[in-house]
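Read through the structure below, which is laid out as C-alpha cells, and then see the notes.
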Amino acid sequence: MDSFKMELSRSVKRYDFHPIQRMLYSQDLIRISPFLKRFIKYPVCIVQPESDEEVLATLEISRRFKIPVVPRGAATSAYGGATTLKNCMVIDFSRMNSFEIKNGCAVAESGVVWLDLEKELNKAGYALRVYPTSAPASTVGGWIAQGGYGVGSLRYGDIGKNVEWIEVADFDGVKRVKGNELKYYVGLFGTTGLILRACLKLRENREPSNYAVKCSFKESLNLIEGAYHASYMNRSLSKMVGCGDAESLLLSFEDQKSDLDFDVELGNKIWKRRFYLLKAAKNANIIFTEAVLPYETVSEFYQKVGNLAIKAIFTQDCVVMLGILPERGYYSTALKVVKFIKMAEKHGGRAYATGMLFPHKKILDEDIRDYKKAVDPENLLNPGKAMQSNAISKLIRLAEMIP
Amino acid sequence: MNIQEIAARCSRCGYCNVCPTYRVEGWESVSPRGKIQIALSFLNGNIKIDARTVKDIFKCSVCGLCEEVCPIDLPLIDFWEELRYVMSKNGYAPLSVHKKLKEITYRYFNPYSGDQDRRDEWVNFEIKPSKTLYFAGCTASFKLQNLAKATANALNKLGIEFTIAGRNEYCCGSPFLRTGQKDIFEKLFERNLRYWERAGIERIITSCPGCYRTISRDYPRIAEEKGQEFNIEVVHTVSILERMGRFEEVEKKVKGTYHDPCHLGRHMGMYDEPRNVIRKLGIEFVEMERTKEYSLCCGAGGGLRSQFKEISFEIGKQRVLEAMETGAEYLITCCPFCEYHLSKSAEKLGNKIKVVDLVEIAEKLISP
Ligand SMILES: Cc1cc2nc3c(=O)[nH]c(=O)nc-3n(C[C@H](O)[C@H](O)[C@H](O)COP(=O)(O)OP(=O)(O)OC[C@H]3O[C@@H](n4cnc5c(N)ncnc54)[C@H](O)[C@@H]3O)c2cc1C
Ligand code: SF4
C-alpha cells in the first residue's frame, strides 16, 4: 500500500485517502438498502485528474497494482455505474472541465457540466442539440458513458448520434473514436475506456417556442411531428411537479410558430421546469423506473402503467417511459421497478441502460464483450458493470423471476 | 422536519454543486450533497468524524444558493445552521477562529475588539430619544463608520426621527448563530432586547443585512422559544430609501452593477428595492450574469472569511471579476460586510472597479 500511495502522490496532484471521502465516493444516485450495502466496497482512494497525463498515470498505477478504476462524473446516473463494488480508485473527472468551440462543434472535457456548457455556448450563438434533464449537475463524460436520450432527442436522437468523436484513455494510451466505433463506449459505463473529451455537434441558438396541449397519451403521438423536443406528463405527475392538474404534452419548436392554438403559458412553465422532475420528490422519497418502447406499442404499454405517475420522452426512433414510484418499502418498490421493465419487454421494449443493475439485459451488441477483453484484459475498468454481473444484479435477476 | 429528516430526504441529485465553496475546493466532502450524507451517517451513528471533516462541514458561507436550486426545496439554510449547532453541542466545534471571536465578543460585545464605550464614536449629531432606533451594527460602528454616518444623514434628510443605542448596542449575534454558537447568541439577544424594551423601541432600522436578517427573523424565533414577546418592526435602510427617497441624478453618467448580499437577497427576499434606488440615482445599471436568487456570494459570510481566508478570497475575486465583466465602474452593494470583503478582493485584482455601499451614494443625492 505504501508504494502504491507513493506512486500515486508522485503522479497526480489531487487525490484523497480519507475514510469519509471514500464513503462519499462509494455511492451515486441510487439508494442502496442497508442489506445491499454489504456488496458495496469503499474505494481505496479518489483521484481528481486535471490532465490527460494524470489520467494515463492513474491507469498505469491501476495496471501495476491491479487496482481497478471507477470513473465518475456527477454521480447522477440512476444505474449505479459509479457505485464502487471492489477495492478500487475512483477517478472523479470534475476537475477536467474546460471546453472550446471549434469548427461549429464544442470540444468539451469530460467533467464539464452540461448546463454550464449550454450557457456559455448560448453566449456565442450556439446551443447543444441534446442534453439530459439532469443538466444542472451531470457531466459530458457521465452522460455519454451512460448513454441515453434527453431534451432535443425528438429531432436529434440520442447522445451517441450527437458526438462527432470522443477521446478515450485506456492502458494503451489515448485514442480518438468516431463513427461506428462509438458503440464501444457510448452506454458502456466506462468499462472499455475513460472518456477524456468529446466533440459535440451543435445547433444555432434559438429560443424555443413552447406549447402545452391537454390531450390523451394516444392523441399526443399524432401531435409531436415537427417539434424538436416533446414530452408528456400524465395527470398525477403534472400535479406532483406543480404543472397543473391535467395530463399535458409539451411541444417545443426550434422556430417560432404562429399557427398553433395551444397553451403557451403552461408550455413555457413546463419548459422552464424541465430540469425539475425531482419536484415530484418534494413530499416523499421516490424511485424512478425507466424503459424504452417502440412507437408501435407504446400506447398499449401506457394503458398498462398509466396508474403510476408517468413521463414520456419522445425521441427520433422510440419513446422513453419514465415511471415515478413513491418509495413505500424499499423492496416492494424495487419489485415494481422490475415489473415496469418486464412489462416494457413484453411490449417489445427494453431497459433504458445497464450499469450495475441490468448488465444481464441484452441491450449491447454481441461483439462488445470481445472488445472489452481486448482493451481491458485484466478487467480493471469499472468491473461488474454494463456487461458483467455483480451480486446486486444477480438479486435483480432473481426478482425478475417473480411473476 | 428535524435535520436528520431533512438529510434523509436529500435525493443526491447534485444540483447544489453550484455551491461556491465546493466549486473552489472540488471535493464531495465540501459539497452540500456530501455534507448532507456525512451529517446523515453521523446522526444515524454510523460514522465517527474527525477534525478534518468538521472543517469541511464549516467550509460554507451559508449563502443559501443550495437551498435556491434544490429541486425538492429542502430548507438548507436552517439545516446548515442547525448542523453547526449540533457539531458545537457535541464538542466538535466551534473552530479555532470562531471560538476566538466568541471570546472577544464576550469581552467587548463585538467581534472586532472595539471599545464598547466608543461604539458611537462616528455620531456627529445630537442623540435624542425616539421609538425608532438606528442599529448600526459592529462593522459600521467600528470598521466602516462612513456607512453609519451616511445612514444617519439619510435618515435625517428624510425627516425620520431616530435614536442611537451607543454603548447599549451589542453585536446582534449573527456571526455566532451562523457558526453554531447559540450560547453567546442568546446572551446578546437578551442584552439587546432588554435595552430596547427599556428604551421603548418599536422600530429598528439597520444598514447591515446580517443584523437585518438576525433581528427580524431569528430574534422573534428565539423570543418565542423563550416565551418572550417580540413586537419590534425591523427595516433595512434600502427599503426606506426606496419608499421615501427622492433623488437628484448623478452628475456624470456612470455605469454600476449590483451585488445582492445573501442575507438581504436569498435570506430575506429583498431584490428589487436596491435596484430601484440605483435606477433613481440615474446610474446606468447593468446586471451581472448571476443575480438575485442565483447571485454568487461575496465569500465572507457564515464564518468563512474568518476561518478560511483563502477560499473566501477566491470567491470574492470571482465575484469582482464577474462585476468587471459587465464593464461597470462601480460595484454597488448594500452590506458593510460584503463591501469590506469585495473591496479587499478588488484590491487583490488591482482595484479596477470601485466597491461602494448604495446608502453612501444615495445619501448624497437625496433631494432636499
Ligand atoms: C433529475 C435527473 C434527470 C435526469 N435526466 C436524464 C435524461 O434526461 N436522460 C438520461 O439519459 N439520463 C438522465 N438522468 C440520469 C443521469 O443524470 C445521466 O445519465 C447523466 O448524464 C449522468 O452523468 P453524470 O456526470 O452524473 O455521470 P455519473 O453518474 O457520474 O456516471 C455515469 C456512468 O458513467 C461513468 N463515467 C463517468 N464519467 C466517465 C468518463 N469520463 N469516462 C468513462 N466513464 C465515465 C460512470 O462510471 C458511470 O458508470 C437524470 C438524472 C436525474 C437525477
Ligand atoms: S440539490 Fe437538494 S436534493 Fe439535490 S443533492 Fe443537493 S440537497 Fe440533495
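The values are calculated or read from the model by the stated rules, or taken from the named source; none is laboratory data. These figures come from a predicted structure and were not determined experimentally. Every residue, glycine as well, gets a Cβ built from its backbone with ideal geometry; the counts of neighbours run over all protein chains shown.
Report yes if A:LEU200 is buried (at least 23 other Cβ atoms within 10 Å of the Cβ), within 16 Å of ligand 1 (Cβ to nearest atom) and not assigned by TED's automatic domain parsing to the domain that holds A:TYR79, otherwise no. Spelling it out, A:LEU200 is indeed buried (at least 23 other Cβ atoms within 10 Å of the Cβ), within 16 Å of ligand 1 (Cβ to nearest atom) and not assigned by TED's automatic domain parsing to the domain that holds A:TYR79. The residues in the stretch A:129-177 that are out of contact with any Gly (no Cβ under 7 Å at 6 or more places or on another chain) and either within 14 Å of chain B (Cβ to nearest Cβ) or not in a helix (DSSP H, G or I) (or both) can be counted, and the count is 22. I'd like to check something: does the stretch A:207-223 contain any residue that is surrounded by 22 or more Cβ atoms within 10 Å (Cβ to Cβ), more than 16 Å from ligand 1 (Cβ to nearest atom) and over 27 Å from A:LEU121 (Cβ atoms)? Scanning the stretch A:207-223, I find at least one residue that is surrounded by 22 or more Cβ atoms within 10 Å (Cβ to Cβ), more than 16 Å from ligand 1 (Cβ to nearest atom) and over 27 Å from A:LEU121 (Cβ atoms), so the answer is yes. Quick one: would you say B:ILE77 is within 16 Å of ligand 1 (Cβ to nearest atom) and either surrounded by fewer than 24 Cβ atoms within 10 Å (Cβ to Cβ) or among the aromatic types (Phe, Trp, Tyr) (or both)? In short, no. A:GLU207 satisfies every condition listed in (1) assigned to a loop (DSSP other than H, G, I, E, B); (2) under 21 Å from A:LEU322 (Cβ atoms) except (2). Residue-level analysis places B:VAL320 outside the set of residues that are among the aliphatic types (A, V, I, L, M), in a helix (DSSP H, G or I) and either out of contact with any Lys or Arg (no Cβ under 9 Å at 6 or more places or on another chain) or not assigned by TED's automatic domain parsing to the domain that holds B:LYS352 (or both). Residues of the stretch B:1-15 that are over 18 Å from B:LEU65 (Cβ atoms) and assigned to a helix (DSSP H, G or I): B:ILE3, B:GLN4, B:GLU5, B:ALA7, B:ALA8, B:ARG9.
In the stretch B:202-223 there is no residue that is surrounded by fewer than 18 Cβ atoms within 10 Å (Cβ to Cβ), in contact (Cβ under 8 Å) with a residue 60 or more places away in the chain and touching a Gly at 6+ places or on another chain (Cβ under 9 Å). Would it be correct to say that A:VAL69 is in contact with a strand residue (DSSP E or B) (Cβ under 7 Å, 6 or more places away or on another chain) and either assigned by TED's automatic domain parsing to the domain that holds A:HIS229 or farther than 26 Å from A:PHE253 by Cβ (or both)? Yes, satisfied.
Would you say A:PRO71 is outside any loop (DSSP other than H, G, I, E, B), touching a residue at least 24 places away in the same chain (Cβ under 8 Å) and under 22 Å from B:PRO32 (Cα atoms)? Considered against the rule, which asks whether it is outside any loop (DSSP other than H, G, I, E, B), touching a residue at least 24 places away in the same chain (Cβ under 8 Å) and under 22 Å from B:PRO32 (Cα atoms), A:PRO71 comes out as yes. Annotation note: of A:ALA246, A:ALA284, the sole residue that is within 16 Å of ligand 2 (Cβ to nearest atom) and surrounded by fewer than 20 Cβ atoms within 10 Å (Cβ to Cβ) is A:ALA284. When the stretch B:16-31 is limited to residues that are assigned to a helix (DSSP H, G or I) and over 24 Å from the mean Cα position of the chain (by Cα), the one that is surrounded by the most Cβ atoms within 10 Å (Cβ to Cβ) turns out to be B:GLU28. Of all residues in the stretch B:1-56, those being at the interface with chain A (Cβ under 8 Å from one of its Cβ atoms), without any contact (Cβ under 8 Å) to a residue 40 or more places away in the chain and within 16 Å of ligand 1 (Cβ to nearest atom) number 8. Of the residues making up the stretch A:95-112, those that are in a strand (DSSP E or B) and in contact with a strand residue (DSSP E or B) (Cβ under 6 Å, 6 or more places away or on another chain) are A:PHE99, A:GLU100, A:CYS105, A:ALA106, A:VAL107, A:ALA108, A:GLU109. Output the residue which, of all residues in the stretch A:224-240 that are buried (at least 19 other Cβ atoms within 10 Å of the Cβ) and more than 23 Å from A:LEU128 (Cβ to Cβ), is farthest from the other protein chains (Cβ to nearest Cβ). Only one residue tops the list, namely A:ASN234. Of all residues in the stretch A:68-94, those being at the interface with chain B (Cβ under 10 Å from one of its Cβ atoms) and over 11 Å from the mean Cα position of the chain (by Cα) number 4.
Exactly one residue out of A:VAL113, A:VAL90, A:VAL130, A:VAL70 is β-branched (Val, Ile, Thr), within 16 Å of ligand 2 (Cβ to nearest atom) and on the phi < 0 side of the Ramachandran plot: that is A:VAL113.
When B:GLY137, B:GLY166 are screened for being surrounded by 22 or more Cβ atoms within 10 Å (Cβ to Cβ) and outside the structural domain of B:ILE57 (by TED's automatic domain parsing), only B:GLY137 passes.
For the stretch A:363-403, give me each residue that is free of Cβ contacts under 8 Å to residues at least 12 places away in the same chain and part of a loop (DSSP other than H, G, I, E, B). A:GLU366, A:ASP367, A:PRO377, A:PRO403, listed by residue number. Of the helices (runs of 4 or more DSSP H) entirely within the stretch B:33-116, those holding at least 3 residues that are more than 16 Å from ligand 2 (Cβ to nearest atom) and within 20 Å of B:ASP218 (Cβ to Cβ) occupy B:76-89, B:96-108.
Look at the stretch B:65-82: where a residue is touching a residue at least 40 places away in the same chain (Cβ under 8 Å) and within 14 Å of chain A (Cβ to nearest Cβ) and a partner is of a type in the set (Val, Ile, Thr) and assigned to a helix (DSSP H, G or I), sitting 6+ places away or on another chain with Cβ atoms under 6 Å, you get B:LEU65/B:VAL18; B:GLU67/B:ILE77; B:VAL69/B:VAL18; B:LEU74/B:ILE6. Every condition in (1) modelled with pLDDT of 95 or more; (2) surrounded by fewer than 22 Cβ atoms within 10 Å (Cβ to Cβ); (3) not acidic (Asp, Glu) holds for B:SER367 except the one numbered (1). Residues of the stretch A:18-42 that are without any contact (Cβ under 8 Å) to a residue 40 or more places away in the chain and part of a loop (DSSP other than H, G, I, E, B): A:HIS18, A:PRO34, A:PHE35.
Within the stretch A:255-282, residues that are farther than 19 Å from A:GLY152 by Cβ have Cβ atoms under 6 Å from residues that are outside any strand (DSSP E or B) and aliphatic (A, V, I, L, M) in these pairs: A:LEU278/B:ILE72; A:LYS279/A:VAL241; A:ALA280/A:MET240; A:ALA280/A:VAL241; A:ALA281/B:ILE72; A:LYS282/B:ILE72, counting only partners at least 6 apart in sequence or on another chain.
The residues listed here are A:THR84, A:THR76; of these, the one that is out of contact with any Cys (no Cβ under 9 Å at 6 or more places or on another chain), part of a loop (DSSP other than H, G, I, E, B) and surrounded by 24 or more Cβ atoms within 10 Å (Cβ to Cβ) is A:THR84.
So is A:ALA374 modelled with pLDDT of 95 or more, more than 16 Å from ligand 2 (Cβ to nearest atom) and out of contact with any strand residue (DSSP E or B) (no Cβ under 7 Å at 6 or more places or on another chain) or not? Taking the combined requirement at face value, the residue satisfies it.
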